[in-house]
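The values are calculated or read from the model by the stated rules, or taken from the named source; none is laboratory data. If you're wondering where the values come from, they're calculated on a predicted model, not measured in any experiment. We place every Cβ from the backbone using ideal geometry, glycine too, and count neighbours over all the protein chains shown. Areas reflect the complete protein model, heavy atoms only, side chains present, ligands, DNA and RNA absent. Shrake-Rupley method; radii C 1.70, N 1.55, O 1.52, S 1.80 Å.
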Amino acid sequence: MTRRHDPDRRQRIIDAAIRVVGRSGIAGLSHRTVAAEADVPLGSTTYHFASLDELLVAALRQANEGLAAEIRGSDALAGPEGDLAGQLARLIGRWLGRDRTGVELEYELYLAALRNPALRPVAAEWTDGVSEILARRTDPATARALVALLDGICLQVLLTDSAYDEDYARAMLGRLIP
């Protein structure tokens, strides 16, 4: 039997899982729906991801990169100078202002960890990673508090369908920063 070499298949399956969750929610995710979305045989999804939990972990890990990449890539946060509250408020505004479906998807996968213990370590990786980045500009406890506040502000915007208020975010973040 000839086997077709397809080094990108695993990544295509992850991308397809993210699209399925974005369109149908986590409840719509199955090996079958992902295989159809990725245009691969069903056996390929189970070969690369023996369980849906494994696939969700890979999707969450990739989705978590959105805001974390914004924070890591921010030149403003790299140096010790400047208005950290203002920089974070602008950064969150940019992130929330991009494709809303993508932002909602990131949070849907992130919040799935509430009911799915397999996802909790990945959610913790995100929190710890962003806290580590912010701790370079402040102390570790303040960094964790900033992450919690950022999560809260983002969730409120997403859940209430309200506009992001950068001035409010800057003011609240500023209250936490010594």
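Details
- Checking each residue in the stretch 31-48 for being open to solvent by less than 70 Å² (accessible area, probe 1.4 Å) and either closer than 13 Å to residue 15 by Cβ or touching a Ser or Thr at 6+ places or on another chain (Cβ under 8 Å) (or both) picks out 31, 33, 34, 35, 37, 38, 40, 45, 48.
- Pick from the stretch 1-30, criterion of a type in the set (S, T, N, Q) and closer than 24 Å to residue 107 by Cβ, ranking: least open to solvent (accessible area, probe 1.4 Å): 30
- Cβ-Cβ under 8 Å pairs, at least 6 apart or on other chains, the stretch 154-178 side under 15 Å from residue 101 (Cα atoms), far side open to solvent by less than 70 Å² (accessible area, probe 1.4 Å) and assigned to a loop (DSSP other than H, G, I, E, B): 157/164
- Single residue of the stretch 127-178 satisfying the filter (among the basic types (Lys, Arg) and at pLDDT below 95) that is most open to solvent (accessible area, probe 1.4 Å): 136
- Applying the criterion of at least 3 residues that are charged (D, E, K, R) to the helices (runs of 4 or more DSSP H) found wholly in the stretch 8-91 leaves 9-24, 52-63, 65-72.
- Candidate set: the stretch 89-115, residues that are over 16 Å from the mean Cα position of the chain (by Cα) and not hydrophobic (A, V, I, L, M, F, W, C); chosen: the one surrounded by the fewest Cβ atoms within 10 Å (Cβ to Cβ): 115
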